[in-house]
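First comes the structure, then the notes that go with it.
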Amino acid sequence: MITFDKVNKYFNQLHVLKDVSFHIEAGEVVVVCGPSGSGKSTMLRCVNRLEKIDRGEIVVKGVNLNAPTSDIAKLRAEIGMVFQHFNLYPHLRVLDNLILAPIKVRGVSREVATDTAMKLLAKVGIQEKASAYPSQLSGGQQQRVAIARALAMQPKIMLFDEPTSALDPEMIREVLEVMVDLANEGMTMIVVTHEMGFARRVAHRVIFMDEGRVIEDEKPEVFFSQAKDPRARVFLSKILSHI
Amino acid sequence: MPRAPAALKPKDAFVDWSILWQYRGAFWSGFTVTVWLSAACIVGSTIVGLLAGCLGSLPSFFLRRLISAYTELLRNIPLVVKLFFFYFVLGIPGIPAALLALTLHQSAYVADVVTAGIRSIARGQVDAGLSLGHGYWQIFRYLIIPQMLRIVIPPMTSQYVAIIKHSSVVGLVAVQDLTFQTQEINVATFRGFEAATATTVLYGLLALAMIAAMAALEKRFAWR
Amino acid sequence: MSGASFAIVQSLRTERGKEWLWRLGVLLVVIAGAYAARDLEWGKVAASWQFLLKGLGRSWLLALASIFVGAVAAFPLALARVYGPTGVRHAATALIETVRSIPELMIIFWVYFTLPLVIGAQVDSWEAALGSLSVIAAAYLAEVIRAGLYSVPRGQIEAAETTGMSRLHIFLHVVLPQALRNMVPALIAQLVALFKTTSLVYAIGVMEFLRSVTVINNTLFAPYPLYLILALGYFVSCFAITRLVRWFDPKYQLVD
């Protein structure tokens, strides 16, 4: 479903992705972790070409992202993305946040889009907030709306870029539960997160990145108990035992 | 239209407000000229400024530079110079010259306000739009412009008040606005104090009305 | 395409390359403009260059003098508005907002035409120009200073309070240095605005740059070269001041 082949990216002089290669099958849930600045968010943003790469090849659903003929907008419509800071549209009500893309990108009628949107809001547990503005919601509610907005396009792949990092601790759970449900339904997911409990519960694989390289690519039980690389072990000890 | 200072000694020890009533016709006509001139320039500079500001925000280096050259050129030359150029050099009659000069002048400021407004919209909004499959035009149309329109209301208010104030210079090319009429009354009656006070109050009221109207507009955008 | 020319085309695609291309374009436009303007009646105008330069000098003098006087008055005004007791605060606010809401030309007329009626003494046009521009500068600068004072985060003051500093010391050593630094760009922007406002004292007969040009034009009738000089004089002066803003503005320093 998603293949990275020796992907390299630079921000000016800075080499942020170094020969990143991996393959993700349909239905797989992959958690990506690593220290800050390790390139994990950049890697994620390459999947729907929010970032362009300098060398290598990325193929998503059989579409080569670098080929000039590829219809990137069409591909993006099939890849949902959830951001650290939610990025809901502040000027639109929750429902309008959900139906804008289906109507304008897919050409779905307003009635059908509204119908789907209300079902999705029910699924993430906030249908009663449909006519609220994003600023009137808590962080956890906003992030659940953001997930519903991405799902409204009926994506085949979901990308999560540190979805719980900007949340107060008591709201992390409600967002993770929605994500767990999604994983159990068989959605293909790449999740950049430090929530190792989530990785243990639903991930099929954990990719550990450091300084722009993929260091480990293991099943969670292997990764947590017998990570080979010392950098991964140091990272794990730091993240699992912060007092 | 420089004139000799009016009476140089206080003619009477007391102020005589009846002069205002006596010259109410002149005040009223000056007031209406100021109001409609300002209104026309507000509409004009908003249209030109919005267009220029949006163009200057597109991801094109040369377009951005071109628009910033436009605003720098207009901002760094005083309004009166532009007004005199249209009136005295090109020979455009007073009212069109005033409209043209004021609109052009303020459009540069509006364009800067719009550009700054667009720049202040979080990059994440564009990311979200792209990730959902919107093209750049849709992102501009449905995300950037509506958010920008809300953000620019407060700075736009100052620009509109500035237009009302700056419209006072049109008297220098014999357009009979409020300031012009005040000077006429001053010369005719030596009652400069009363006339100037009344005019000052009128300008103040216009500014307040503008601020109130914009505040009401801001309230209608409930989000945020 | 050969290797070298391909490299040149590539380098023009970078931000720096575009910047140089733009500068080249501006240079070409300026040269074309100068070429187009070569046939204007420059001979007629040339003899009056000293007179015009003096006019421009007077505009500068007016701007600098009134910004100085205005700044001296603006500081107590701003302090009164921010820290004064209620009555003083309201008075300062009323004064600042009144001046800011009246047209600049109206203020100039007030000082020149109306003030003599009130005080019973003549005010000559230079005094009126300096006086009115100073009043304008004071009101606008007071707002700049107030914004600067408010730009210092509340946490800074609280942090200083926890160390037991007196209120005066907090103001002098914590608030003021940060506020001054933050207000420099707005301060210089006000200087630009004031420089342009000096053109309005034309209306009361002061022989500043605008009046110098119109006076010469009335005798020589060479409007095109004279108005070109007029526009250039103001543009170069204001542009120079805005470049000063960039030089002071920390945001620009980081980029360059």
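None of the figures in this text is laboratory data; all of them are computed from the coordinates on show. Note that the structure is a prediction, hence the values are computed from the model and not measured. Note that each Cβ is placed from the backbone with ideal geometry, even for glycine, and that neighbours are counted across all protein chains shown.
Here are a few things to note about the model shown:
- Separation of alpha-carbon centers, region A:110-135 and region A:80-109, rounded to whole Å: 11 Å
- Reported to the nearest whole Å, the Cα centre-to-centre distance from region C:151-192 to region A:175-210 is 48.
- Cα-based equivalent ellipsoid of chain A: semi-axis lengths in Å, sorted from largest, via gyration tensor: 30, 22, 15
- The protein assembly as shown: antiparallel DSSP beta bridges as a percent of all, rounded to 5: 55 percent
- In the protein assembly as shown, the calculated helix contribution to ellipticity at 222 nm averages -20000 deg cm²/dmol per residue, counting -39,500 (n - 2.57) for every DSSP H run with n ≥ 4.
- Prolate/oblate/rounded call for region A:1-128, Cα gyration tensor, a/c under 1.5 rounded: prolate
- Fewest-first sequence of A:Phe224, C:Phe51 by Cβ atoms within 10 Å of each Cβ: C:Phe51, A:Phe224
- Relative contact order (%) - region C:46-255, alpha-carbon pairs under 8 angstrom, separation at least six: 29 percent
- Degrees between helix B:61-75 axis and first principal axis of chain B (Cα, 0 to 90, nearest 10): 10 degrees
- Phi to ³J(HN,Hα) by Karplus 6.51 cos²θ - 1.76 cosθ + 1.60 over region B:137-144, Hz, x for Gly, Pro: 5, 5, 4, 5, 6, 9, 10, 5
- Look at A:Phe83, C:Phe239, A:Phe208 and count the other Cβ atoms within 10 Å of each Cβ; fewest to most, that gives C:Phe239, A:Phe83, A:Phe208.
- Helix A:230-240 vs. chain A, principal-axis angle (Cα, 0 to 90°, nearest 10): 40 degrees
- Relative contact order computed over chain B (Cα-Cα under 8 Å; 6+ residues apart), in percent: 29 percent
- The separation of region A:227-241 from region B:120-183, counted between C-alpha centres, amounts to 53 Å.
- Counting neighbouring beta carbons within 10 Å and listing from fewest to most, the residues C:Leu61, C:Leu105 come out as C:Leu61, C:Leu105.
- Annotation: the antiparallel percentage among DSSP beta bridges lying fully within chain A is about 55.
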